[in-house]
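Working notes for the structure below.
The values are calculated or read from the model by the stated rules, or taken from the named source; none is laboratory data. Because the structure is a prediction, the values reported are computed rather than measured. Every residue, glycine as well, gets a Cβ built from its backbone with ideal geometry; the counts of neighbours run over all protein chains shown. The accessibility values were calculated without ligands, DNA or RNA, using every heavy atom of the protein model including side chains. Shrake-Rupley method; radii C 1.70, N 1.55, O 1.52, S 1.80 Å.
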Amino acid sequence: MPTPREQLQALISELAVVRGRVTLASGKEADYYVDLRRVTLHHSAAPLVGHLMLDLLEEQGFGPGEIDAVGGLTLGADPVATAVLHAAASRGVDVDAFVVRKEGKAHGMQRRIEGPDVAGRRVVAVEDTSTTGGSVMTAVDALREAGAQVVAVAVIVDRATGARERIESEGLPYLSLFGLSDLGLA
């Protein structure tokens, strides 16, 4: 019987790896695309994402009790954060989720960060994958402006294209469940 990590690894390889020339959000080109929304929004994979990300955070000292919430820049981070929220709830522990908008709303409460207030709370910025770290750093900057204490960044797949270095240069631990070699892409 495959472990949950092996199950998720197989689902990522099967569902998310798309071969062919693509331009990434960073502007860089690649011969493949890892479309993790095909995994984070999949009925079998999403629960695995939540539990494995929560396990990773716990193993690295950022589990429930050490952090209050997870989230990041919409859209890639949203299903990751809610998967962690649900995994934590299923274990009887409290971890909230939040969503960081690319820009503040011009109507309503005009909030840039949706969900429970993050001011004064220890949070982890999550993302499905990161190339240069730009999207997740946009979230980190917004979280810091809102008064959150960002303690780490965690992604499902690290593309090994500079994100780790950028995040760590900001003094933040960078955690990932898988690297490209785990997916046969390196």
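Data for the structure
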item: Region 125-183: number of residues that are open to solvent by 20 Å² or more (accessible area, probe 1.4 Å), in contact with an Asp or Glu (Cβ under 8 Å, 6 or more places away or on another chain), part of a helix (DSSP H, G or I) and touching a residue at least 40 places away in the same chain (Cβ under 8 Å); result: 1
item: Tally of residues being in contact with a Ser or Thr (Cβ under 6 Å, 6 or more places away or on another chain) and not hydrophobic (A, V, I, L, M, F, W, C) across region 29-42; result: 1
item: Residue tally, condition open to solvent by less than 50 Å² (accessible area, probe 1.4 Å), without any contact (Cβ under 8 Å) to a residue 24 or more places away in the chain and under 25 Å from V70 (Cα atoms), over region 17-54; result: 1
item: Boolean, E58 is in contact (Cβ under 8 Å) with a residue 40 or more places away in the chain, of a type in the set (D, E) and closer than 14 Å to A154 by Cβ; result: no
item: Subset of region 69-102 (residues that are small (G, A, S), closer than 13 Å to V136 by Cβ and at pLDDT 95 or above); result: G71, G72, A77, A81
